[in-house]
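Read-outs: derived from the displayed coordinates by stated rules, not from any lab. Values in this document were obtained by computation on a predicted structure and should not be read as measured data. Cβ placement follows ideal geometry from the backbone for every residue including glycine, while neighbour counts extend to all protein chains displayed.
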Amino acid sequence: MTDSPIDSTIAHTARVWNYWLGGKDNYPVDREIGDRIKELAPQVVDVALGDRVFLRRAVTHLVQEEGIRQFLDIGTGLPTADNTHEVAQALAPHARVVYVDNDPLVLTHARALLTGTETGRTQFVGADLRDTAKVLEAAARTLDLDRPIALTLMGTMGHFEFDEALKIVDAYTDALAPGSFLAVCDGVMAHMDAELGERAMQGMRLWQEKVAQPYHMRTVEEFGRFFDGLEPVEPGPVSVLRWRPEPTEVGTVRDLPQYAGLAKKTSTRPGPEDPATP
Ligand SMILES: C[S@@+](CC[C@H](N)C(=O)[O-])C[C@H]1O[C@@H](n2cnc3c(N)ncnc32)[C@H](O)[C@@H]1O
């Protein structure tokens, strides 16, 4: 009998993801489901790696080209290479980063590993991201929410049905100061032939059965709706590896069923009972 909040009898999304990324913070139950899905849909490992590549590219762009110094990374996952604060604070040592996740293992590792630089600040918030008011209140202890921030939601909104995901993203985006950015990366039903698509669906069914947090692939059109009312940053939402590939990249960029996008909030968006002026 143990009081540990960590349940190693059922797979958890943060730990399966960590396994696909080559990490060690996972249990047999996570590896077993990770392997079974990988057998059905081998591209899933590149999807996980591609998601991290986008995080690094987007944070680098935001610091270097957009002057952003505050980051709110929701659905952090287990620490791996190139975590948000490492990328941001290597380029801008005073950058501030707040991480949010509700997985108990993430919480344990984050406290130990996600420490900031001497000058930059890093905070970890253990909370359910659906409680937007609580998350924003906690984030405001480290970030000045009256000034622009970058909100990153990587591989995380797929854990919610589309309508709920859209409401969550809108609630956060509405609370951000003009000049802020939204970065999202998630799975889409695209760039798969019929056979791969069928295998991906089998993988998804297995995930829903065996993993504590469900996951939903989007259509490309649904993915684009997260950015409604915002100004897209070039190249707009694209298959993840196509988002500003490094000039040193060689060979052909491969399309994966994972989309990435970055957009800027240029003004306050009209609310539902506040119709846009004609
Ligand atoms: C697939 S992982 C992605 C991790 C990381 N962002 C990345 O791209 O490598 C999804 C993360 O979202 C977190 N998550 C899922 N549902 C959540 C919720 N309701 N509240 C807070 N975090 C949640 C999980 O614990 C997990 O760490």
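Assorted remarks:
- Order by protection proxy (mean Cβ within 10 Å, highest first), peptides 86-92, 6-12: 86-92, 6-12
- Kyte-Doolittle mean at least 0.5 and Cα axial length at least 15 Å: DSSP H helices in the chain: 44-64
- Built amide H within the under 5 Å cut-off of Gln123, gap 5+: Val97, Val98, Tyr99
- Ranked by the mean number of other Cβ atoms within 10 Å of their residues, highest first, the peptides 48-60, 156-168 come out as 48-60, 156-168.
- Amide H contacts of Ala11: Ala212, each under 5 Å away and 5 or more positions distant or on a separate chain (H built 1.01 Å from N in the peptide plane; Pro and chain starts excluded).
- The chain: C-alpha pair distances exceeding 32 Å, %: 21
- Positive-pole candidate from Pro257, Gly197, Gly50, dipole of region 13-264, charges at beta carbon: Gly50
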